[in-house]
Amino acid sequence: MSPAAGTIRGRCHCGRIGYRFDTALALEALPLRRCACSFCRRHGARTTSDPAGSVRFEIADVAALRRYRFGLRSTDFLLCGKCGTYLAAVIETGAGAYATLNANCFEQADLLLQEAPLVVYEGETLEQRMARRQAKWTPVAGTI
Ligand SMILES: [Zn+2]
């Protein structure tokens, strides 16, 4: 993977929190999803991940980072406390952290023209949910 060619940057509206996403996939090849959960629905989020890529969070203002948990409480939803943007969701596992990114935060989000199918994960057990995420989400490099 060429490190520069596959680098996507994303950030919240005010720029206090963001990420650098390294992926070999082209923007138009990234799988987009619209999660049907009550949180994602309210944000109109389109999320994406690449298990072969990596994401590094870049938090310019640590005081602005908010973490929100609900439901099974397995996941940190990362939001900006200043501008309210939903940036990403992160799980911690024995094998490290994994994230799914709100692709609407990409600098080039206007180039994401592919379909974002609705996905319904209701009814999963906690074990099924964590296994799916560990297999499909993007490994996190560094700390958050
Ligand atoms: Zn912000």
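Observations on the structure shown:
- Residues in the stretch 34-68 that are assigned to a helix (DSSP H, G or I) and under 15 Å from residue 88 (Cβ atoms) were compared, and the one that is most open to solvent (accessible area, probe 1.4 Å) is 43.
- Meets criteria (open to solvent by 50 Å² or more (accessible area, probe 1.4 Å) and among the small types (Gly, Ala, Ser)) for residue 24: yes
- Subset tally (residues that are under 19 Å from residue 23 (Cβ atoms), touching a residue at least 60 places away in the same chain (Cβ under 8 Å) and surrounded by 11 or more Cβ atoms within 10 Å (Cβ to Cβ)) for the stretch 116-135: 1
- Residues of the stretch 103-112 include at least one that is more than 19 Å from residue 24 (Cα to Cα) and loosely packed, with under 11 Cβ neighbours inside 10 Å.
- Qualifying residue in the stretch 96-119 (condition: within 16 Å of the ligand (Cβ to nearest atom) and more than 11 Å from the chain's Cα centre (by Cα)): yes
- Pairs meeting the criteria (first residue in the stretch 55-70 and closer than 28 Å to residue 25 by Cβ, second residue of a type in the set (S, T, N, Q) and outside any helix (DSSP H, G or I), beta carbons under 7 Å, at least 6 apart or on different chains) are 55/138.
- Residue match in the stretch 12-26 (condition: more than 16 Å from the ligand (Cβ to nearest atom), among the basic types (Lys, Arg), touching a residue at least 40 places away in the same chain (Cβ under 8 Å) and part of a strand (DSSP E or B)): no
- Among the residues listed as 100, 138, 75, the single one being open to solvent by less than 20 Å² (accessible area, probe 1.4 Å) and touching a Pro at 6+ places or on another chain (Cβ under 7 Å): 138
- Answer residue from the stretch 36-51, given it is in contact (Cβ under 8 Å) with a residue 40 or more places away in the chain and either in contact with a Leu (Cβ under 8 Å, 6 or more places away or on another chain) or among the charged types (D, E, K, R) (or both) and is farthest from residue 70 (Cα to Cα) among those: 50
- Count of the stretch 35-56 residues, restricted to those that are more than 16 Å from the ligand (Cβ to nearest atom), within 21 Å of residue 80 (Cβ to Cβ) and under 12 Å from the mean Cα position of the chain (by Cα), is 8.
- Search result, residues across the stretch 78-95 that are more than 14 Å from the ligand (Cβ to nearest atom) and touching a Phe, Trp or Tyr at 6+ places or on another chain (Cβ under 8 Å): 89, 90, 91
The values are calculated or read from the model by the stated rules, or taken from the named source; none is laboratory data. Remember, predicted model here, so these are calculated numbers, not experimental data. Quick reminder, even Gly has a Cβ in these numbers, built from the backbone with ideal geometry, and neighbours come from all protein chains shown. Surface accessibility is based on the protein's heavy atoms, side chains included, excluding ligands, DNA and RNA. Shrake-Rupley method; radii C 1.70, N 1.55, O 1.52, S 1.80 Å.
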